[in-house]
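> My questions all concern the structure below.
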Amino acid sequence: MNEKVKAIQSNSRSELRQLVRDQLQLLLEQGNLEGAKALLVPVQPVDIAEAIEALPQSMQVIAFRLLVKEEAIAVYEYLESTVQQALIEHFKQQEVREIVDQMSPDDRARLFDELPAKVVRRLLEQLSPEERQTTALLLGYEEDTAGRIMTPEYISLKETFTVGQTLERIRTLSTTSEIIYYLYVTDSSRHLSGIVSLKDLVLSSPETTLGEIMTRDLVYVNTDDDQEEVARIIQRYDLLAVPVVDREQRLVGVVTVDDVIDILQEEATEDIYALGGVQSDGDNYFQTDLFTVARKRVVWLLILLLTNTVTGTIIKSQVGLLEQMAILTAFIPLLTGTGGNVGAQSSTVVIRGLNTDDMRDLGPGQVVLRELGAGALLGLILGSLATVWAYGLQGNWLVSISVGISLVAIAILASVAGSALPFLFRALGLDPALMSAPFITTAVDVIGVLIYFSIARFMLGL
């Protein structure tokens, strides 16, 4: 087994994860628990969590019980919520209490969000009074806010403390505080008044007071700030953590960069799902049963199906025109497909810009005008090529010009719609990502077909 462990350690990180998963399942199937335990010793908690998630459910509990207590707690925080719930159901009451009690408060609150209310009440009763109070504090804030994701485990100090006193306090509290690289200075009423970095502390003489070296120009967030805004602030100012204050400017917690990474991944996943017309409820899509997968995707598909019937109705209303010039039908897919792609591009860049705050110097009108210009330029380029191609296909200049002009008009329409509708959704208090590519494509299809037939009828005099 030692040879296998050394072989695993010599591989790249991705290969290591795969080898751990394969070897762990093989050893458990063979009943070699000692070998499985030795296999996990040099592996990081996050990789162990991933390996356990890949196991059949009957083996997950066995693998988790092989871990020592301290490592088990760290691994548990990385597990998917569905796996966490499944493990809780198999644990004895004492095991549950020990794991949940020693989880970081923000991870514990996130777990409680996923569990049934009855289970949460039972777990809260098993927590120590201090941890129960801390968890209740976090659960009292709105979901997806700074208050909900913050940790109340931080080190706060007074301005009158000397560097020597502060270092001694850090030694005392380091085991109970999640972070020690930032130290927060508060007054007698717990109002945040300054911040001291660990670097400044180490470089100062022991007799220096914190009031002399602390930074008073603070960056902080409020408990009701949206978690995406918190992530942007940490990213903007290159912070490892940001303090959280309540409405009275009292320090109540800290949001750390590892929480922000989770937020960014979660929000990016939600936006990508929304752009694809898939409902997201926070669960792992690829670990969800097929009926739930179908439910997540069918809503938008039904809306798009009904919307596309309008396109069919428009085509049906132009039967007379198509009977006289059937070649017009051949260019419908070209026009609708190109228009949908142009609109999808505009909506994607605008939605991304809204999420990353890249457009903070531009107003909605400027963005829409910019996209209108881009759409017109794209339409002229594509329309010219389409005109030549259409003439080469059927030899009628009037039909070819109709196709080219229609493509210019549709490209402009698609760019304006794709850039303006996300702003409209945001103004209505909805997620701009809901104005997704499938919706834009379908809307442009409907209006684009109508524009095409109108221009063709005019050009052909029919």
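The values are calculated or read from the model by the stated rules, or taken from the named source; none is laboratory data. Since this is a predicted model, take the numbers as computed values, not measurements. Cβ atoms come from the backbone with ideal geometry, glycine included; neighbour counts cover every protein chain shown.
> Quickly run through the stretch 369-427 and pick out the residues that are aromatic (Phe, Trp, Tyr) and either under 17 Å from residue 452 (Cα atoms) or at pLDDT 90 or above (or both).
Residues satisfying the conditions are 389, 391, 397.
> With the structure loaded, tell me whether residue 397 is out of contact with any Leu (no Cβ under 7 Å at 6 or more places or on another chain) and either closer than 18 Å to residue 457 by Cβ or touching a residue at least 12 places away in the same chain (Cβ under 8 Å) (or both) or whether it fails that test. I'd like the intermediate steps shown before the answer.
On the way: out of contact with any Leu (no Cβ under 7 Å at 6 or more places or on another chain): yes; either closer than 18 Å to residue 457 by Cβ or touching a residue at least 12 places away in the same chain (Cβ under 8 Å) (or both): yes.
In short, yes.
> Which residue pairs have Cβ atoms under 7 Å apart, sit 6 or more places apart or on different chains, and have a first residue in the stretch 15-44 that is free of Cβ contacts under 8 Å to residues at least 40 places away in the same chain and a second that is among the polar types (S, T, N, Q)?
Here the result reads 19/11; 39/23; 42/9, each pair linking the stretch 15-44 to a residue that is among the polar types (S, T, N, Q).
> Go through (1) modelled with pLDDT of 80 or more; (2) part of a helix (DSSP H, G or I); (3) under 19 Å from residue 91 (Cα atoms) one by one and return the number of the condition residue 70 breaks.
In the conditions (1) modelled with pLDDT of 80 or more; (2) part of a helix (DSSP H, G or I); (3) under 19 Å from residue 91 (Cα atoms), residue 70 misses (1) alone.
> Now, a different point. Which one of these is under 20 Å from the mean Cα position of the chain (by Cα) and modelled with pLDDT of 70 or more: 236, 295?
It is 236.
> In addition: Among all residue pairs at least 6 apart or on different chains, which show Cβ distances below 7 Å where the first residue, located in the stretch 317-346, is touching a residue at least 60 places away in the same chain (Cβ under 8 Å) and the second is among the basic types (Lys, Arg)?
That search, which allows pairs on different chains as well, returns 321/457.
> Any idea which of 23, 44 is at pLDDT 85 or above, out of contact with any helix residue (DSSP H, G or I) (no Cβ under 7 Å at 6 or more places or on another chain) and surrounded by 14 or more Cβ atoms within 10 Å (Cβ to Cβ)?
Working: 23 fails: out of contact with any helix residue (DSSP H, G or I) (no Cβ under 7 Å at 6 or more places or on another chain).
44 is the lone residue from the list that is at pLDDT 85 or above, out of contact with any helix residue (DSSP H, G or I) (no Cβ under 7 Å at 6 or more places or on another chain) and surrounded by 14 or more Cβ atoms within 10 Å (Cβ to Cβ).
> Ok, one more. Return the residues of the stretch 254-269 that are modelled with pLDDT under 80 and among the hydrophobic types (A, V, I, L, M, F, W, C); say none if nothing qualifies.
Of everything in the stretch 254-269, those that are modelled with pLDDT under 80 and among the hydrophobic types (A, V, I, L, M, F, W, C) turn out to be 263, 264, 268.
> Just to verify a result, which residue in the stretch 239-261, among those that are more than 14 Å from the chain's Cα centre (by Cα) and of a type in the set (D, E, K, R), is farthest from residue 157 (Cα to Cα)?
Across the stretch 239-261, the extreme among qualifying residues is 247.
> Give the residues of the stretch 378-402 that are small (Gly, Ala, Ser) and surrounded by 20 or more Cβ atoms within 10 Å (Cβ to Cβ), sorted by residue number.
379, 383, 386, 390, 400, 402
> Still on this structure, please answer the following. Please specify each residue of the stretch 121-165 satisfying the condition of being among the β-branched types (Val, Ile, Thr), within 25 Å of residue 262 (Cβ to Cβ) and touching an Asp or Glu at 6+ places or on another chain (Cβ under 7 Å).
Selection gives 145, 149, 151.
> If you don't mind, there's one more thing I want to ask. Residue 36 passes all but one of (1) of a type in the set (Gly, Ala, Ser); (2) outside any helix (DSSP H, G or I); (3) modelled with pLDDT of 85 or more; which number fails?
Looking at each condition in turn, residue 36 falls short on (2).
> Test residue 354 against the stated conditions and say whether it is touching a residue at least 60 places away in the same chain (Cβ under 8 Å), within 30 Å of residue 232 (Cβ to Cβ), among the hydrophobic types (A, V, I, L, M, F, W, C) and in the same structural domain as residue 380 (by TED's automatic domain parsing).
When the stated conditions are applied, residue 354 passes them.
> Got a sec? Which of 148, 108, 121, 132 is outside any strand (DSSP E or B), surrounded by fewer than 16 Cβ atoms within 10 Å (Cβ to Cβ) and modelled with pLDDT of 70 or more?
Being outside any strand (DSSP E or B), surrounded by fewer than 16 Cβ atoms within 10 Å (Cβ to Cβ) and modelled with pLDDT of 70 or more holds for just one of 148, 108, 121, 132, which is 132.
> Output the residues belonging to the stretch 175-202 that are over 18 Å from residue 242 (Cα atoms) and either of a type in the set (Gly, Ala, Ser) or modelled with pLDDT of 90 or more (or both).
188, 189
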